[in-house]
Every structure is written in structure tokens, then in C-alpha cells.
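The values are calculated or read from the model by the stated rules, or taken from the named source; none is laboratory data. Remember, predicted model here, so these are calculated numbers, not experimental data. Reconstructed Cβ throughout: ideal geometry from the backbone, glycine too, with neighbour counts over all protein chains shown.
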């Protein structure tokens, strides 16, 4: 019996929230297919069952609250899948291996979760990583001020276009992303509905805040 992605999301979100964390995204990797099916909380009605084999990948973050009361999610500067916040948010805000293990245990304890896994499938719980994918408008709201890579449909050329730059702000109703392009420095406005692929594009060449630099050390 198939299940919708919304049902899977609600079930996983219950376990993640119980651990004081936030569900960032879910992917279903199909064994031998060479691809994965990603989703988000807006994927209502989509079937979440993909047959035998593969993995259900659950990405979690630790939410913080900024001065406006809005939630923010950050990622570890080392890019590892088991850390979930940047150095600016502090060590206490990082998703730990124990967090991932606790969520995994909670999900495994749900009898109905086996219906979503399918035969010979595995559950993987981790942080989305430093260069996390941006799928939902909420993801973009939390990525304001960060360097991003976006592929979108360009009405002017009738083709897909890929750009990199700093996400300066986002507007709702209609949902529009405002990007400061790296090449040329101009501002580009992109309709969220035209985005086909996006992720954080962290610049590892720049020194991180609140992290002392070591001089004269050779590797």
C-alpha cells in the first residue's frame, strides 16, 4: 500500500520534534536507480513508497530563535553530516551523533514506519550538511545572507540558468528570491516557482567568524 509524502513527513516530524529538533528534509534513495527522490512539507499527495531497497534519508537541524522570534537553522562549518550549525551559532546548537541516534530509535519504534521503509530499505538520520539543499521557501528564508547556487528557468532565454551569489532577501506573495550575483554584482530577482535546484555554496576560502587563525602551522 502506498503512502503520501505528507503522511511520511508528519510521522517523521513527530519523532524529530520529540527530541527538540527540527525536520529539515526527507529523501528517498532508490537502490540501483542512481537517483533519489527528495521532498518537502509542501509535497501533499505525492506517494512516498518507492518499492524495495534503498534508503529513507532524514535530515535534521537544531532550530534557534533570532531577535524577531523567527526560527533559524545553521550548519556545521566542517560540512559533516552529523553537525548542524555554523560556528556563529555556537557549539551548543550543533546536531550531534546522539541526536541522530535518538531520532532513529524513535522512528524505528513506530510500527507504522516500517510501511514507509519497504522491504530491504534502511533509515539514515543526519544533518543536511554545510552545503545543504534548498527545496522549500522556508529553506530560503533561513538562508538569507548566505552564498547560494541556484538553477532556475529564465523567461528571457527560455532555458535553465545557473547562478551563484548572496541571497539578500526573500519576498512572499508572490514568493521571490533576491540574489546579489557574484559576476557583475547586480541584483537578480527569481520567482521561487521557477527554481529547479538550489543549495548553500559555502566559501571555504574565507576565514570563519569566532575562529582563531593558526599561523605557521604546516600540514
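Odds and ends about this structure:
- Residue list for region 1-12, filter: farther than 10 Å from residue 60 by Cβ and not in a loop (DSSP other than H, G, I, E, B): 4, 5, 6, 7, 8, 9, 10, 11
- Which listed residue, of 165, 145, is in a strand (DSSP E or B) and not assigned by TED's automatic domain parsing to the domain that holds residue 15: 165
- Residue match in region 15-27 (condition: crowded, with 21+ Cβ neighbours inside 10 Å, over 21 Å from residue 99 (Cα atoms) and at pLDDT 55 or above): no
- Considering region 119-134, the residues that are closer than 20 Å to residue 100 by Cβ and part of a loop (DSSP other than H, G, I, E, B) include one that is modelled with the lowest pLDDT, namely 121.
- Listed conditions (1) touching a residue at least 40 places away in the same chain (Cβ under 8 Å); (2) surrounded by 15 or more Cβ atoms within 10 Å (Cβ to Cβ) are all met by residue 120, apart from (2).
- Tally of residues being modelled with pLDDT of 95 or more and either touching a helix residue (DSSP H, G or I) at 6+ places or on another chain (Cβ under 9 Å) or over 21 Å from residue 133 (Cα atoms) (or both) across region 167-186: 5
- Condition broken by residue 97, with the remaining ones in (1) at pLDDT 90 or above; (2) surrounded by 21 or more Cβ atoms within 10 Å (Cβ to Cβ); (3) not assigned by TED's automatic domain parsing to the domain that holds residue 189 satisfied: (2)
- If you filter region 186-205 down to residues that are within 12 Å of residue 163 (Cβ to Cβ) and without any contact (Cβ under 8 Å) to a residue 40 or more places away in the chain, you find that the one that is surrounded by the most Cβ atoms within 10 Å (Cβ to Cβ) is 188.
- Top-ranked residue in region 187-219 [being within 30 Å of residue 175 (Cβ to Cβ) and in contact with a helix residue (DSSP H, G or I) (Cβ under 6 Å, 6 or more places away or on another chain); ranked as modelled with the highest pLDDT]: 192
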